[in-house]
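Working notes, beginning with the structure itself.
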């Protein structure tokens with residue numbers, strides 16, 4: 001039976017805390033792990049990303065506009081990188097402007113449970129900040145403005161946020177649906193034999 005890994009994801013320098021616990025196949029490619037992180041955190045996948053492992057080993061999607069020493073995330077599995085770097089914690093960076101730092105801790109590796117579809121969400125705490133809010137400092141200012149209806153920028157910020165923003169409100173049903181869509185998208189395609197009539 002294939003192995004799965006339980007990951008704890010903490011968005012660094014953000015209050016209220018944004019935490020997710022998930023289980024994914026240990027053999028998942030890093031570009032697909034990025035897709036899972038986008039789904040469970042609530043990001044829109046509009047920006048570049050990178051992973052950093054012990055020994056400053058980096059993975060991402062090579063981009064000529066961002067010269068870096070990153071290796072191709074599409075060609076590396078989580079299992080192989082963990083075996084090579086021997087670490088229990090690694091980082092996922094998203095949006096090199098706002099520079100969101102997800103600290104990811106490996107909590108356990110165990111056999112997959114037969115009948116379960118991975119990846120799965122186990123726990124969610126705290127809503128993800130909006131895209132392009134200005135990093136952790138901008139997010140803190142954003143929440144301060146929304147907490148004060150008398151603030152000069154309140155109406156403009158509320159409109160920008162879509163009319164409502166609760167940092168503790170998480171749509172776990174939407175996360176579950178997004179993860180199921182990813183699992184279905186990645187599921188091996190069944191081959192069907194075409195029946196040919198004898199001439």
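Out of all the residues in the stretch 31-45, is one or more within 27 Å of residue 136 (Cα to Cα) and over 15 Å from the mean Cα position of the chain (by Cα)? Before you say what the answer is, go through the steps one by one.
Looking only at the stretch 31-45, we keep the residues that are within 27 Å of residue 136 (Cα to Cα), and these are 31-45.
Still in the list and also over 15 Å from the mean Cα position of the chain (by Cα): none.
Within the stretch 31-45 (the criterion being within 27 Å of residue 136 (Cα to Cα) and over 15 Å from the mean Cα position of the chain (by Cα)), the answer is no, since none of the residues qualifies.
Restricting attention to the stretch 45-66, which residues are more than 20 Å from residue 77 (Cβ to Cβ) and either touching a strand residue (DSSP E or B) at 6+ places or on another chain (Cβ under 9 Å) or modelled with pLDDT of 95 or more (or both)? Lay out the reasoning, then the answer.
Looking only at the stretch 45-66, we keep the residues that are more than 20 Å from residue 77 (Cβ to Cβ), and these are 45-48, 63-66.
45, 47, 48, 66, listed by residue number.
Does any residue of the stretch 159-168 turn out to be under 17 Å from residue 21 (Cα atoms) and either surrounded by 13 or more Cβ atoms within 10 Å (Cβ to Cβ) or at pLDDT 95 or above (or both)?
yes
Return the only residue of 64, 129 being surrounded by fewer than 18 Cβ atoms within 10 Å (Cβ to Cβ) and part of a loop (DSSP other than H, G, I, E, B).
64
Might you let me know whether the stretch 104-121 holds any residue that is buried (at least 16 other Cβ atoms within 10 Å of the Cβ), free of Cβ contacts under 8 Å to residues at least 40 places away in the same chain and closer than 15 Å to residue 34 by Cα?
No, the stretch 104-121 contains no residue that is buried (at least 16 other Cβ atoms within 10 Å of the Cβ), free of Cβ contacts under 8 Å to residues at least 40 places away in the same chain and closer than 15 Å to residue 34 by Cα.
I'm trying to understand the selection: among the residues of the stretch 75-99, which are assigned to a helix (DSSP H, G or I) and closer than 11 Å to residue 27 by Cα?
Listed by number, the residues that qualify are 78, 79, 80, 81, 82.
When residues of the stretch 78-105 are filtered for being in contact with a strand residue (DSSP E or B) (Cβ under 6 Å, 6 or more places away or on another chain), at pLDDT 95 or above and over 30 Å from residue 65 (Cβ atoms), how many remain?
1
The values are calculated or read from the model by the stated rules, or taken from the named source; none is laboratory data. Computed from a predicted model, the values in this text were never measured in an experiment. All Cβ positions, glycine included, derive from the backbone under ideal geometry; neighbour counts span all protein chains shown.
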